[in-house]
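This report refers to the structure that appears directly beneath it.
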Amino acid sequence: MKLNPASTHRSIVNLHFRLDLDSPKTFSFICLLLFACLFVQTLGDERTDDTFYVRPGAGPLSVRVQLKNYKCKFRYSAQGGTYEEWTITLDLIDNGGAMACTVERNSASYLFFEEFEMELIGPSVSITEVDVKDSKRDNLSLGKDEYELTANSIKSVKQKFKNHLEKVAVYSPLPREDL
């Protein structure tokens, strides 16, 4: 690498270097860089998801996804017009430091949910955060009295859940083995 001062009034320094592609050192450097990128990618976040259809009038139904030793199950019962497309996603995030499971619809739901329950199963799961949205197209959270939260599940409360649902998401930090 060769440093040359620029000929501007502010004396900005420009960095110039020549890359010799025929050099064994350059080839080794490029291989090392590619390996490092692939290694970082394998340490990064992981995700699995599935699209499913909420079918009104079909009674209690469930859907689940699995990623490594973790499972997310979503059970529900709904009434209403026609079926709707929903997505369930299980994410290993924060470089393996947490799990998140989300069930949601990309647009407003017109279904009448009788009940729902989401369960996150796996080693050291302890749900610390939830995001539960209603389906009135106002992006507001459900009232805290409408659902019950335990260490590994969230479910609707009979007689208090107002039957509107657009999103359910849970977050659980995981113990770090490297600490």
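The values are calculated or read from the model by the stated rules, or taken from the named source; none is laboratory data. Just so it is clear, the model here is predicted, and its values are computed rather than measured. Neighbour counts run over all protein chains shown; Cβ positions are idealised from the backbone, glycine included.
A few points about this structure:
- Just so you know, in segment 41-83 the residues that are of a type in the set (F, W, Y) and surrounded by fewer than 16 Cβ atoms within 10 Å (Cβ to Cβ) include one that is farthest from V103 (Cα to Cα), and it is Y83.
- Wholly enclosed strands (runs of 3 or more DSSP E) of segment 92-163 bearing at least 2 residues within 13 Å of L174 (Cα to Cα) and at pLDDT 95 or above: 98-104, 112-121
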